[in-house]
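The values are calculated or read from the model by the stated rules, or taken from the named source; none is laboratory data. Please read these numbers as outputs of a predicted model, since none were measured by experiment. Every residue, glycine among them, receives a Cβ derived from its backbone with ideal geometry; neighbour counts consider all protein chains shown. For the accessible areas, the whole protein counts, side chains as well, though only heavy atoms, and no ligand, DNA or RNA atoms are used. Shrake-Rupley method; radii C 1.70, N 1.55, O 1.52, S 1.80 Å.
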Amino acid sequence: MENECITVTIDRITFCNEQSGYYVLKASSRQHPQGVTVVGNFCYIQPGEEVRVYGTWACHPNFGMQFQAIKYTLLKPATLKGIEKYLGSGLIKGIGPATARRLVETFGLDTLEIIEKEPDKLAQCPGIGPSKADKICSGWFLQRSIQDVMIFLQGHGISPAYAIRIFKKYDREAVRKISENPYILAHEVSGMGFKKADAIAAEFGITGNDIRRLKAGILYILTNASNDGHLFLQEEELLKVSMEALAVDERSDLEKALSVLVTEKRLMAREFRQQNLYYMPANFRAEDGSATLIKQLAAMRREIPRQKIIEALDQALGSHGLKLSDIQQMAVESSLTHGFMIITGGPGTGKTTTLKAVVSANKALGRRVQLASPTGRAAKRLAEVSGFSAQTIHRLLEFSPQEKGFKRNQKQPLDCDTLVVDEASMIDMQLFYSLLQAVPPHASLILVGDADQLPSVGAGLVLNELIKSEKVPVVRLDAIFRQAETSNIIKNAHLINHGQMPILTVPDGQSQSDCYLVPAEDPEKLIGLLKNVVQKSLPGRFGYNPVIDIQVLTPMNRGKLGSMNLNIVLQEALNPPSSEKDEFEHLDRVFRVGDKVIQLRNNYDLEVFNGDIGLITDIQSEDQEALIEFPQGAVTFQSSDFLDLAHAYAITVHKAQGSEYPAVVMIASTQHFIMLQRNLLYTGLTRARQTMVFLGSRKAIGLAVKNNRQKMRNTVLSVLLQNMPE
């Protein structure tokens, strides 16, 4: 079919895939007054804009006639309706739908010209004072600069959602820098990735064995490995995977690229047992540096008279009315005399009581004690259960967005004599190294955690490797206390950990338990039951708030029973649209007041970190801003910040690490066969404080219990510790 050209005004964006840049647009024109659907890849498009589109007509089996765009040209909005839609789309900070309407009513077709060339006149518009006018002008000129970048990238398939990130990174140098080496997008712009950069590079003639491509590809492979938890790849594996991923045949070219990367110090190599191991530099420094610092801490001993230890113990127990078992008492005594130690154990084994006694005993000796956890929720819970103030590791180390690093380090260590860190299984290698660097030479570091939980989201296997090394003191709490024996949650956690099926109660309206199984296998039936359990059953029987108290967990993000789809279902059920709730669209998602949300990546500028869960308390649609209440306080999010935010009615088990909830509903379906592992089931169960509901099948739970084949992670921390001279 021959290509046609149509000129349309974009009325609304009905769908956008931010990764591919694929859009479905509802548009109108003189030739198509009833409207037309335009589909294709667009880079820079907003409601209200006029677009000249080249392409062909096609009939979609479900959606009817559509115009499939091959290329397009942006035109300035030329109608009052188009200008109003364009300005009110949230494109420019300071202008929302209401302000856009007033501007167009005041200045008509000259509105855009006045904003650009005569901004002083903006104050003539009702409701716009000097401050608002300045805000509009700043937003307009920022957007014009971004537009230059986006027009340059148009046709390369880059999503408009990344426009602001690219502009913030390179400013007006963006076009020059990207033209010289498109691969900088993969390494320096969060979320872009190698494949997108590689496609752009091909259009600049950078293909095949070009050394820029090979170097970028090797870094991409190692970055992916790091995202999978590995600190390094062996040389043979790295070359094999790189040859396949880059579709190159010449191994020697890759070896040369590898050598150049090491020379440039963009990769680090370690010779280990007749093999070369290749690391990203930060991972190498973290593993190597941690081994040295751990050895120093573990070698330190404090000579304290026995009488003083007994007095400190008595004071700690008396102040809280605590009673300790022999093994708990040994843990407390070790914390007073050792420079480094680990306290580990499962639920109900007295970790919290021991931790509280450790802190009190150290304080009784006049030591300055600080407490920390990897996440905001974990820190808040630590403070609640211990009775002492606690904070996240990032806040403890005082991250500086300007310097892109922690203020607390070896030059400016923490002001403490004892540092206690809970939920240590969540700490990845790089964060652990930063923590170790900030511990004063005279201070003690005490890690508390459950080594049987899922490993950290970031690279490394810190807690397990430390225990495995047998070079640091470890106290294992393995006896379940009598008061915990009545909890089926705790009993089942230990059954699962020992490879046995949990004892689950099927609700019948009469049986009492804190651990239930609601049987279902068909996804549609399961989703219907999920809505009923969260909306009615748990709130009705136990008085839980469906949004705040109940957390739905699932093994995966994608699929019908993945967190992405379940969030759509649960948002509609628990926080439906209402005229009383402000909301705004961000790409193909709707965020509204009352939504539970989760941060997906560390945002050091906002001091919000991966896994932090908050509640949207206010939305300013004019400024495309939202106020979100996190455990550490309220934070204002702008439109571009929502790229790293997702709804949190349902989250993956990995994202729930370090948190506890009054009630947990966990999906256990054979659809998630690939993810069904013992430590995943164990971690999900131990997130529940009062009530646990498995929603799925006994078969899926049985598969998880039997599967104890944990995915190995490439790390040699334990060996480094073992091989260090005494």
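For this structure, a couple of remarks:
Rundown of residues vs (1) surrounded by fewer than 19 Cβ atoms within 10 Å (Cβ to Cβ); (2) assigned to a helix (DSSP H, G or I), yes/no style:
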{"site": "Leu553", "(1), (2)": "no, no"}
{"site": "Gln571", "(1), (2)": "no, yes"}
{"site": "Pro577", "(1), (2)": "yes, no"}
{"site": "Val590", "(1), (2)": "yes, no"}
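- Considering residues of the stretch 621-632 that are part of a strand (DSSP E or B) and open to solvent by 20 Å² or more (accessible area, probe 1.4 Å) only, the residue nearest to Gln690 (Cα to Cα): Glu629
- Output for the stretch 399-424, where each listed residue is part of a loop (DSSP other than H, G, I, E, B) and surrounded by fewer than 14 Cβ atoms within 10 Å (Cβ to Cβ): Pro401, Gln402, Glu403, Lys404, Lys407, Gln410, Lys411, Gln412, Asp415
- Among (1) among the β-branched types (Val, Ile, Thr); (2) open to solvent by 10 Å² or more (accessible area, probe 1.4 Å); (3) at pLDDT 90 or above, the one test that Val385 misses: (3)
- The residue list Leu103, Leu87 contains one member that is within 37 Å of the chain's Cα centre (by Cα) and either over 30 Å from Cys125 (Cα atoms) or open to solvent by less than 50 Å² (accessible area, probe 1.4 Å) (or both), which is Leu87.
- Subset of the stretch 705-726 [within 26 Å of the chain's Cα centre (by Cα), at pLDDT below 90 and either of a type in the set (A, V, I, L, M) or buried (at least 21 other Cβ atoms within 10 Å of the Cβ) (or both)]: Met712
- Restricting Arg165, Arg172 to residues that are within 31 Å of the chain's Cα centre (by Cα), modelled with pLDDT under 80, open to solvent by 60 Å² or more (accessible area, probe 1.4 Å) and not aliphatic (A, V, I, L, M) narrows the list to Arg172.
- Flag for Leu526 being in contact with a Phe, Trp or Tyr (Cβ under 7 Å, 6 or more places away or on another chain) and under 24 Å from Ser669 (Cα atoms): no
- Within the stretch 225-243, the residues that satisfy the criterion of being at pLDDT 90 or above and either within 14 Å of Phe194 (Cβ to Cβ) or polar (S, T, N, Q) (or both) are Ala225, Ser226, Gln234, Val241, Ser242.
- Selection of the stretch 650-673 for residues being over 13 Å from Leu561 (Cβ atoms), over 15 Å from the mean Cα position of the chain (by Cα) and outside any strand (DSSP E or B) yields only Glu660.
- Restricted to helices (runs of 4 or more DSSP H) entirely inside the stretch 427-534, those with at least 2 residues that are aromatic (Phe, Trp, Tyr) and in contact (Cβ under 8 Å) with a residue 24 or more places away in the chain are 429-438.
- For Leu606, the requirement of being under 20 Å from the mean Cα position of the chain (by Cα), open to solvent by 10 Å² or more (accessible area, probe 1.4 Å) and aliphatic (A, V, I, L, M) is met.
- One residue alone among Gly346, Gly339 is closer than 20 Å to Gln453 by Cα and not polar (S, T, N, Q), and that residue is Gly346.
- Just one residue in the set Glu303, Glu311 is more than 22 Å from Thr715 (Cα to Cα), in a helix (DSSP H, G or I) and open to solvent by 40 Å² or more (accessible area, probe 1.4 Å); that residue is Glu311.
- Filtered residue count, the stretch 45-67, keeping only those that are of a type outside the set (S, T, N, Q) and either closer than 19 Å to Glu84 by Cβ or surrounded by 21 or more Cβ atoms within 10 Å (Cβ to Cβ) (or both): 8
- None of Glu237, Glu244, Glu255 is out of contact with any strand residue (DSSP E or B) (no Cβ under 7 Å at 6 or more places or on another chain), within 27 Å of Asn464 (Cβ to Cβ), free of Cβ contacts under 8 Å to residues at least 24 places away in the same chain and of a type in the set (D, E, K, R) except Glu237.
- Selection within the stretch 555-569: residues that are assigned to a helix (DSSP H, G or I) and among the polar types (S, T, N, Q). The member of this set that is surrounded by the most Cβ atoms within 10 Å (Cβ to Cβ) is Ser563.
- Filtered residues of the stretch 362-392 (kept if part of a loop (DSSP other than H, G, I, E, B), of a type outside the set (Lys, Arg) and within 20 Å of Phe406 (Cβ to Cβ)): Pro374, Thr375, Ser389, Ala390
- Those residues of the stretch 519-543 which are open to solvent by less than 20 Å² (accessible area, probe 1.4 Å) and either among the small types (Gly, Ala, Ser) or more than 14 Å from Leu566 (Cα to Cα) (or both), in sequence order: Ala520, Leu538
- Screening Ile70 with (1) open to solvent by 40 Å² or more (accessible area, probe 1.4 Å); (2) part of a loop (DSSP other than H, G, I, E, B); (3) touching a residue at least 40 places away in the same chain (Cβ under 8 Å) gives one miss only, at (2).
- In summary, Gln510 fulfils each of the numbered conditions (1) buried (at least 16 other Cβ atoms within 10 Å of the Cβ); (2) out of contact with any Ser or Thr (no Cβ under 8 Å at 6 or more places or on another chain); (3) over 30 Å from Gln638 (Cα atoms); (4) of a type outside the set (A, V, I, L, M) with the single exception of condition (1).
For (1) among the acidic types (Asp, Glu); (2) surrounded by 17 or more Cβ atoms within 10 Å (Cβ to Cβ); (3) touching a strand residue (DSSP E or B) at 6+ places or on another chain (Cβ under 8 Å); (4) under 24 Å from Gly191 (Cβ atoms), each residue gets a yes or a no:
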{"site": "Asp641", "(1), (2), (3), (4)": "yes, yes, yes, yes"}
{"site": "His647", "(1), (2), (3), (4)": "no, yes, yes, yes"}
{"site": "Thr652", "(1), (2), (3), (4)": "no, yes, yes, yes"}
{"site": "Ser659", "(1), (2), (3), (4)": "no, yes, yes, no"}
{"site": "Ala663", "(1), (2), (3), (4)": "no, yes, yes, no"}
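- Any hit, the stretch 435-444, residues being open to solvent by 30 Å² or more (accessible area, probe 1.4 Å) and among the hydroxyl-bearing types (Ser, Thr, Tyr): no
- Unmet criterion (only one of (1) within 23 Å of Arg165 (Cα to Cα); (2) at pLDDT 85 or above) for Ile6: (1)
- Among the residues of the stretch 674-703, those identified as open to solvent by less than 50 Å² (accessible area, probe 1.4 Å), out of contact with any strand residue (DSSP E or B) (no Cβ under 7 Å at 6 or more places or on another chain) and not in a loop (DSSP other than H, G, I, E, B) are Arg678, Asn679, Leu680, Leu681, Tyr682, Thr683, Gly702.
- Lys351 being of a type outside the set (A, V, I, L, M, F, W, C) and crowded, with 17+ Cβ neighbours inside 10 Å: yes
- Boolean, Ile616 is under 30 Å from Tyr23 (Cα atoms), open to solvent by less than 20 Å² (accessible area, probe 1.4 Å) and not acidic (Asp, Glu): yes
- Of Lys26, Lys85, Lys81, all but one fail to be among the charged types (D, E, K, R), within 14 Å of Arg12 (Cα to Cα) and modelled with pLDDT of 85 or more; the exception is Lys26.
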